Amino acid sequence: MAVCARLCGVGPSRGCRRRQQRRGPAETAAADSEPDTDPEEERIEAGAAVLCGGGSSRSASPSPPPRCSLLELPPELLVEIFASLPGTDLPSLAQVCTKFRHILHTDTIWRRRCREEYGVCENLRKLEITGVSCRDVYAKRINPRVKSGRFMKVLPDCEQHMEYRDVYTCLLHRYRHILGLWQPDIGPYGGLLNVVVDGLFIIGWMYLPPHDPHVDDPMRFKPLFRIHLTERKSPTVECMYGHRGPHNGHIQIVKKDEFSTKCNQTDHHRMSGGRQEEFRTWLREEWGRTLEDIFHEHMQELILMKFIYTSQYDNCLTYRRIYLPPSHPDDLIRPGLFKGTYGSHGLEIVMLSFHGKHARATKITGDPNIPAGQQTVEIDLMHRIQLPNVENLCNFNELSRIVLEVHEQVRQEQQQQEDRTEDSEGARPPTEKVWEPGDRGAAALKEEPVQFVLPVGVTSRNEDYPRTCRMCFYGTGLIADHGFTSPERTPGVFILFDEDRFGFIWLELKSFSLYSRVQANFRNADAPSAQAFEEMLKNIQSLTS
């Protein structure tokens, strides 16, 4: 510790200046008379000097190594040292002395902290030299269809000499708690919000599934709000909802893992043509078609109901944090977010996660029957199903017979577990081994694919499903009446197609859902622990139970 203290010039070897000022004359004289190092340190230093002296005469006294203080290091080396420290430690370092405080004004230090901690990759100095305005850089990220002539009106002016220190301290660090994935509280519909650092902005992007039924298409997204610095280096929040450009908004961090947004100018959300024009515009964005193109009357009612319900939340929303599921090498496939077809409800987003002998698909977006947060599908990894050949698979009754046999077996096993005594609790039922955790993972995808076709009578929104599959498992799907009344788990078949696609046959509904992976890299979305992820699942499920 003494050696480290001497490097900083504030340790016991030189004495703390503030402590010396508080001492009396006698204490100061006594402290000055004490040796700089203890005997053990002097022995180590003398030994090191002899080793360095090598061929010199033994009679020559070893010269002590030169002492160097951190304050004596060149500024460029201090910049490199300080830039490697966490940004949260730098304000305390600036209080050590005037030299440190002056060096910490170097923007290179803060640029590195912005890049390593928050992923900022823009070069502010390069933008100034080339004369490119920050508005032009980020305009198309907000709305690619906007012509450059509208940039001046839509995007804020960025100060000519914006410093990375201001970006870090006033923007990134202040709003770091809202970065990541969130689920908006929009009744049964839910949603997926991704709050990211995008250059000089913090932007909340709402992720939307592709238009029904194109489940393999990429996700769509639109900005809901953004935060940036004004010329006075103070952050401002803008609501991006509506069709009249950014306007004044507000963000409040309610508690840990929860925040809310509020629009202060809801008149910007209204359109000149009234509610009819707003509905037609929303329909084109949400479904990619007009109401006249949708011939199914029940689907028309569901669409109109969703518009009326969600439009009530255009001025204030509450968001709850969600995490991506942890991944393990023995997982059947890599867990994550998937887009799935849900009949007249269109495409919805689910989260596939693995929990020992079971896998679950939890709804991130939902509908009036099965709301967001509920476990729409549960897969029993201990009960694999061998599908019949293609000819027999076309017969729905044959597939139903196979699944119901497994369903009855699972029911009996569960009954046996309930009847066991505490002494035998935890023992597996005397059934044939079907699946073990060690058999999962990459081995599942190495199996030879087999032909797959939907049985006659099973409906599918997307007829372009894979015609080969790797594995099938027994599972249950959650169905309910409108308003999540009379919920019931019914048997079905989980079909693994490949690493990025799976399906589920709902026997009772005689329908098929196809799921495709959401291909996106999400920052700040990993769960701090497996326990935190489990707690998150319980919380979002309890909100709609």
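Counting only residues that are farther than 18 Å from Val215 by Cα, give me the strands (runs of 3 or more DSSP E) lying completely in region 321-381 with at least 1 of them.
347-355, 358-363
Residues in region 492-524 that are under 28 Å from Phe452 (Cα atoms), of a type outside the set (Gly, Ala, Ser) and open to solvent by 20 Å² or more (accessible area, probe 1.4 Å): how many?
Adding up the residues that qualify gives 8.
What's the total number of residues in region 70-84 that are at pLDDT below 90 and in a loop (DSSP other than H, G, I, E, B)?
Of the residues in that region, 2 qualify.
Yes/no per residue for (1) of a type in the set (Phe, Trp, Tyr); (2) within 18 Å of Glu378 (Cβ to Cβ):
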{"site": "Gln312", "(1), (2)": "no, no"}
{"site": "Leu332", "(1), (2)": "no, yes"}
{"site": "Pro335", "(1), (2)": "no, yes"}
{"site": "Gly343", "(1), (2)": "no, no"}
{"site": "Gly346", "(1), (2)": "no, no"}
{"site": "Val350", "(1), (2)": "no, yes"}
{"site": "Phe354", "(1), (2)": "yes, yes"}
{"site": "His358", "(1), (2)": "no, yes"}
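What is the number of the single condition among (1) out of contact with any strand residue (DSSP E or B) (no Cβ under 8 Å at 6 or more places or on another chain); (2) over 30 Å from Arg470 (Cα atoms); (3) open to solvent by 30 Å² or more (accessible area, probe 1.4 Å) that Asp330 does not meet?
That leaves (2) as the condition not met.
Checking Ser486 against (1) surrounded by 14 or more Cβ atoms within 10 Å (Cβ to Cβ); (2) part of a strand (DSSP E or B): exactly one of these is not met. Which one?
Against the list (1) surrounded by 14 or more Cβ atoms within 10 Å (Cβ to Cβ); (2) part of a strand (DSSP E or B), Ser486 comes up short only on (1).
May I ask you to list the residues in region 265-296 that are closer than 23 Å to Glu238 by Cα and open to solvent by 50 Å² or more (accessible area, probe 1.4 Å)?
Correct list: Gln265, Thr266, Asp267, Arg270, Ser272, Glu285.
Select from region 397-435 the residues that are within 15 Å of Cys472 (Cβ to Cβ) and at pLDDT below 90 and list them in ascending order.
Result: Val434, Trp435.
Does region 511-518 include one or more residues that are in contact (Cβ under 8 Å) with a residue 12 or more places away in the chain and in contact with a helix residue (DSSP H, G or I) (Cβ under 9 Å, 6 or more places away or on another chain)?
yes
For Val377, only one of the following conditions fails: (1) hydrophobic (A, V, I, L, M, F, W, C); (2) surrounded by 12 or more Cβ atoms within 10 Å (Cβ to Cβ); (3) at pLDDT below 95. What is its number?
Unmet for Val377, out of (1) hydrophobic (A, V, I, L, M, F, W, C); (2) surrounded by 12 or more Cβ atoms within 10 Å (Cβ to Cβ); (3) at pLDDT below 95: (3).
Count, please, the residues in region 297-309 that happen to be of a type outside the set (D, E, K, R), open to solvent by 30 Å² or more (accessible area, probe 1.4 Å) and touching a residue at least 40 places away in the same chain (Cβ under 8 Å).
Looking only at that region, the number is 3.
Tell me, which residue of region 394-424 that is under 23 Å from Ala359 (Cβ atoms), hydrophobic (A, V, I, L, M, F, W, C) and in contact (Cβ under 8 Å) with a residue 24 or more places away in the chain is surrounded by the fewest Cβ atoms within 10 Å (Cβ to Cβ)?
Here the residue is Leu404.
Got a number for residues in region 369-389 being touching a Gly at 6+ places or on another chain (Cβ under 6 Å) and closer than 17 Å to His482 by Cβ?
Going through region 369-389 one residue at a time, the tally reaches 1.
For every residue, the table says whether it meets (1) among the aliphatic types (A, V, I, L, M); (2) open to solvent by 80 Å² or more (accessible area, probe 1.4 Å); (3) at pLDDT below 85; (4) over 24 Å from Leu77 (Cα atoms).
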site	(1), (2), (3), (4)
Pro91	no, no, no, no
Ala94	yes, no, no, no
Arg101	no, yes, no, no
Thr108	no, yes, no, no
Arg112	no, no, no, no
Val120	yes, no, no, no
Asn123	no, no, yes, no
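Based on this model, can you work out whether Gln312 counts as touching a Leu at 6+ places or on another chain (Cβ under 9 Å), more than 22 Å from Val350 (Cβ to Cβ) and open to solvent by 20 Å² or more (accessible area, probe 1.4 Å)?
no
Is it the case that some residue within region 319-334 is out of contact with any Phe, Trp or Tyr (no Cβ under 6 Å at 6 or more places or on another chain), of a type in the set (A, V, I, L, M) and at pLDDT below 90?
no
Go through Lys233, Lys262 for me and flag whichever is surrounded by fewer than 16 Cβ atoms within 10 Å (Cβ to Cβ), in contact with a Cys (Cβ under 9 Å, 6 or more places away or on another chain) and basic (Lys, Arg).
Lys233
For region 295-305, name all the residues that are farther than 15 Å from Tyr342 by Cα, assigned to a helix (DSSP H, G or I) and either at pLDDT below 85 or within 27 Å of the chain's Cα centre (by Cα) (or both).
Result: Glu297, single match.
The values are calculated or read from the model by the stated rules, or taken from the named source; none is laboratory data. Source: prediction; values computed, not measured. Please note: Cβ atoms are built from the backbone with ideal geometry, for glycine as well, and neighbour counts cover all protein chains shown. Accessible surface is based on the protein model in full, side chains and every heavy atom, while ligands, DNA and RNA are left aside. Shrake-Rupley method; radii C 1.70, N 1.55, O 1.52, S 1.80 Å.
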